[in-house]
Amino acid sequence: MKKHLLFLLINIASSIQASLDTTLPFNPERLDKTTQQIVEPSIIVINYSCYKDLDTCVFALKRMNVSTHYMIDIDGSVYETIDGNKNLIDLVNFSDEIAIKYLKKRAFHAGHGYFKNARNEIINDMNSHSIGIMFVNQAATPLDNPNVYTNQDSNPTQWYEFSHEQELACAALCNKLKTLYSIADKDIIGHGECAIDPMTKSLGRKVGPGPLFPWKNIAFLGVGLFHKLSEDELLQPCSITTLELQQELASWGYSVPVNNEEDSATHQAVVQAQIHHDQKNIDGDCRSCRLYYIMKNLHQQHRAQLMISEKN
């Protein structure tokens, strides 16, 4: 099972790289769609670029006729890239007016998806309701990568870590955006957490920003939510059913059946939740006590934030 999951992650990442390397015909009709105004965003979707430098990333996006609102370079520089160009953002003087200007256009960054936001709205057209932030990061492509991600006794695959400068820039940018648009911390997610297969309606179409994205670190900086449980608390035994874990995941916003069956769709939802919230234990266990405890803790944090928000 563990090897199967690892190969799944490798194959998805490899397919992303292969699609970027393909020279696609220029499609001005699709690029014109970026002029459509975005609906007020309620979600921030984070992804990686699969390329190691900024210029290649911007070029690849343009050739693929896709786009993202912001790109964060390895040195922490932030660029607005919605039109296929790179405009440097001054985060120190990043006013509400500038942020609104850059988000007037709809980016092609997330595609067909599913996520239930904190407002209990089910979002399928992610591009019309979300802000896209892409990190310059080569992801799971090179074999000479010194940063090896291993899943216990599984064969290793390799991913690039994100820089500390990128973490700080992400925190500054997201804190500004979530305040401006009243975006809940629970709704700052990875592309893999919302990208569903249009046919099966299940997750697993993408894995970005991958298992090395520093969700815990940026949560410490005030962006997103990460569990606050100790390892001892996570190792406590339990006897939950698949249904109970499905209910927790569905309540959080994931596309997952609630049928008490250990099916492929549930397995994929568990994997995507673990990539974000339990990166050292990506096993797809549909009755994972660890993930069940984590989701319970995340719900508690979210409810606490709602109570504070209501008082204010």
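The values are calculated or read from the model by the stated rules, or taken from the named source; none is laboratory data. It should be emphasised that the depicted structure is a prediction, and the values quoted were computed from it without experimental measurement. Protein only, heavy atoms only, side chains kept; ligands, DNA and RNA dropped before computing areas. Shrake-Rupley method; radii C 1.70, N 1.55, O 1.52, S 1.80 Å.
Karplus-based coupling profile of the stretch 68-84, in residue order and whole Hz: 9, 6, 10, 10, 10, 6, 4, 7, x, 5, 10, 10, 8, 10, 4, 9, x, with θ = phi - 60° in 6.51 cos²θ - 1.76 cosθ + 1.60 and x standing for Gly or Pro.
For the stretch 246-261, backbone phi angles converted through the Karplus equation (6.51, -1.76, 1.60; θ = phi - 60°) give residue-by-residue couplings of 4, 5, 5, 5, 5, 5, 6, x, 6, 7, 8, x, 10, 9, 6, 10 Hz, Gly and Pro being listed as x.
Within the same chain, aspartates and glutamates fewer than 8 places from Lys176 are excluded, and of the rest, those with a Cα less than 14 Å from its Cα are Asp90, Asp96, Glu97, Asp185. Measuring with a 1.4 angstrom probe and ignoring ligands and nucleic acids, Arg119 comes out at about 100 Å² accessible. Accessible surface comparison of Asp96, Asp187, Asp55, probe 1.4 Å, protein chains only, largest first: the order is Asp55, Asp96, Asp187. Residues Val258, Val270, sorted by accessible area with the largest first, give Val258, Val270 [1.4 Å probe; ligands and nucleic acids excluded].
The stretch 263-290 and the stretch 240-256 have Cα centres separated by 11 Å.
Between amide H atoms placed 1.01 Å from N, distances below 5 Å from Tyr48 occur with Phe135, all of them 5 or more places distant or on a separate chain.
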